[in-house]
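**Q** Here it is, the structure in full.
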Amino acid sequence: MIEQAASDNLSDNTAARPSDDDADTMKTKISATLDSDLANFLDDLPGASRSDKLERLVRDYRRVWLDLQLRRELAAQGNLPEDAETRAWHAVMAQAMWQP
């Protein structure tokens, strides 16, 4: 397997450079070694640099991951037994809906 290091990412340290999303956000410089196929895929994406492209990919992944986490938590809540207040609310709503 051929590994290729991203030339614009040299070391692990915090850079005092604002991100595109928020002027107050600090960025951390990292070094990443990728399989050549992944590096080629990254190079083919639109963007100014590998760093920008990789950051966008990680942000998109995080957004999807957080959405899935929320969906799992909501699904787990749906499996909880109903409490007395919820049962009472359902009874009131059912009665109001079915009265002439």
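The values are calculated or read from the model by the stated rules, or taken from the named source; none is laboratory data. The model shown is predicted, which means the values in this text are computed figures rather than measured ones. Note: ideal-geometry Cβ built from the backbone for every residue, glycine included; neighbour counts use all protein chains shown.
**Q** Restricting to the range 35-58, what's the tally of residues that are under 19 Å from Thr25 (Cβ atoms) and loosely packed, with under 13 Cβ neighbours inside 10 Å?
**A** The first filter runs over the range 35-58 and keeps only residues under 19 Å from Thr25 (Cβ atoms), leaving 47-49, 51-58.
Add one more test, that the residue is loosely packed, with under 13 Cβ neighbours inside 10 Å, and what stays is 48-49, 58.
Adding up the residues that qualify gives 3.
**Q** Being farther than 14 Å from Ser51 by Cα, modelled with pLDDT under 90 and surrounded by 10 or more Cβ atoms within 10 Å (Cβ to Cβ) is the filter here; which residues of the range 16-34 pass it?
**A** Selection gives Thr25 alone.
**Q** Restricting the search to the range 59-91, which residues are more than 17 Å from the chain's Cα centre (by Cα) and surrounded by 10 or more Cβ atoms within 10 Å (Cβ to Cβ)?
**A** Glu82, Thr86, Arg87, Ala88, Trp89, His90, Ala91
**Q** Still on this structure, please answer the following. Cβ-Cβ under 6 Å, sequence separation 6+ or interchain: first residue in the range 47-64 and among the small types (Gly, Ala, Ser), partner in a helix (DSSP H, G or I) and exposed (fewer than 10 other Cβ atoms within 10 Å of the Cβ). Which pairs?
**A** Hits for this filter: zero, empty list.
**Q** Can you tell me which of Gln95, Gln69, Gln77, Gln4 is at pLDDT below 80 and part of a helix (DSSP H, G or I)?
**A** Gln77
**Q** Same structure again: Which condition does His90 not pass, out of (1) part of a helix (DSSP H, G or I); (2) in contact with a helix residue (DSSP H, G or I) (Cβ under 9 Å, 6 or more places away or on another chain), if it passes all the others?
**A** For His90, the exception is condition (2).
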